[in-house]
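*Asks:* The structure under discussion is supplied below as structure tokens; questions concerning it will follow.
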Amino acid sequence: MAKRPAAPRAQDKLIFLLSLVPYLIDRERVTVDEAARHFGLSPRQIREAVELLTVSGVPGDTRQYLAGDLFDIDWGSFEEDDEIVLTHRVALDDSPRFSAREASALIAGLQSLQRLPEFVDSDVIGGVMAKLARGASSAPGQLAVTESYSAHAVGIIRSALAAGHSVAFDYVDASGATEARLVDPLRLESQDQDWYLYGWCHLREATRRFRLDRMTELRETGAEVVFREADVVVPTALFEPSDSDRNVTVLVRRSVLPLIDDYVVAVDSAPGGPAAREDADVEVTATLRLAHHHGLKRLVAAHPGLITVLGPADARDAVADWAAAGLAQYRTTSGS
């Protein structure tokens, strides 16, 4: 005689019900057959679970289950059309929600992620954005994230890496000069909001790092690379010094030093002398090594109010002129 299948454990039933509720809320209206296919169960098991759900809830102040303390469904749709529609849910609306501003920020980040080549056709990201919009405390603001050139370049470089092909592009270096480059791509990495290509530059005959947003006319050549990552030493630091670099002296908060560690070559004593506490977030004098003043502008802008340029004079002037030009744009826009 064949053995009867073992009944599902109570814990398994609870886990299933906890999964069923958000599933029904997310879809608003779903047929029994659709739910059965989603959970890999029979339609009969889904119906039994829905009926069990309608006698589940949270007791009110009287510690007794009243009508408003239980889940409820549209029984007409359930019995006549075999559709499940939640009409009342309990306890869930009391859970913390994202504010409209928080949801907008998360949706903007997901939109940026969705523009990367590997996520372009991802329905998962679209579903998460829809859930964030529905679950916020109020309607999030409408946002539109434009596609950057870097996102387009990532797809081309990843294709070249997979095929073992070199890439060609025009590159604007830190001094503002533009040169045509032929590069064997070795590695593609992101740092904060910037993407970088590490590759063997045939013009310099050495390993170099390139920022994708400084590239134009990027294309995959179709020619096989000469050097691969196993053939050369790929730098681990974000900034690689050269003989043409310049030293800049800055006054900076100690807590900022780890964030600009790739550029720091020396740190002097904090005000108060060597006896100043090492763990105190005081200002210290540091020497930075940079390829050009453009990089210094980016560092100062990334840490507003935390880095003060002390010298040389042309470095101070470059940052001051850049800040004044930015402020002038706001004045022009406001008409003041």
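*Asks:* Can you tell me which residue among L251, L197, L257 is at pLDDT 80 or above, buried (at least 16 other Cβ atoms within 10 Å of the Cβ) and either touching a strand residue (DSSP E or B) at 6+ places or on another chain (Cβ under 9 Å) or not in a loop (DSSP other than H, G, I, E, B) (or both)?
*Replies:* After applying the criteria, what remains is L197.
*Asks:* While we're on this one: Which one is surrounded by the fewest Cβ atoms within 10 Å (Cβ to Cβ), of the residues in the range 183-194 that are of a type outside the set (D, E, K, R) and within 14 Å of I156 (Cα to Cα)?
*Replies:* The residue in question is L188.
*Asks:* Find the residue count for the range 22-34, including only residues that are in contact (Cβ under 8 Å) with a residue 40 or more places away in the chain and either touching a Ser or Thr at 6+ places or on another chain (Cβ under 9 Å) or exposed (fewer than 15 other Cβ atoms within 10 Å of the Cβ) (or both).
*Replies:* Here the count works out to 5.
*Asks:* Another question, if that's okay. Looking at this structure, is E205 at pLDDT 85 or above and open to solvent by 20 Å² or more (accessible area, probe 1.4 Å)?
*Replies:* In short, yes.
*Asks:* Going by the conditions given, is V265 assigned to a loop (DSSP other than H, G, I, E, B), surrounded by 11 or more Cβ atoms within 10 Å (Cβ to Cβ) and at pLDDT below 85?
*Replies:* No; evaluated as a whole, the condition is false for this residue.
*Asks:* Could you please let me know if A280 is more than 23 Å from S190 (Cβ to Cβ) and modelled with pLDDT of 85 or more?
*Replies:* For A280, the condition - more than 23 Å from S190 (Cβ to Cβ) and modelled with pLDDT of 85 or more - is not met.
*Asks:* Can you name the residue in the range 35-88 that is basic (K, R) and at pLDDT 85 or above and, of all such residues, is surrounded by the most Cβ atoms within 10 Å (Cβ to Cβ)?
*Replies:* This residue is R47.
The values are calculated or read from the model by the stated rules, or taken from the named source; none is laboratory data. No experiment lies behind these values; they were computed from the predicted model shown. Quick reminder, even Gly has a Cβ in these numbers, built from the backbone with ideal geometry, and neighbours come from all protein chains shown. When the accessible area is computed, the model is the full protein with side chains, heavy atoms only, and any ligands, DNA or RNA have been set aside. Shrake-Rupley method; radii C 1.70, N 1.55, O 1.52, S 1.80 Å.
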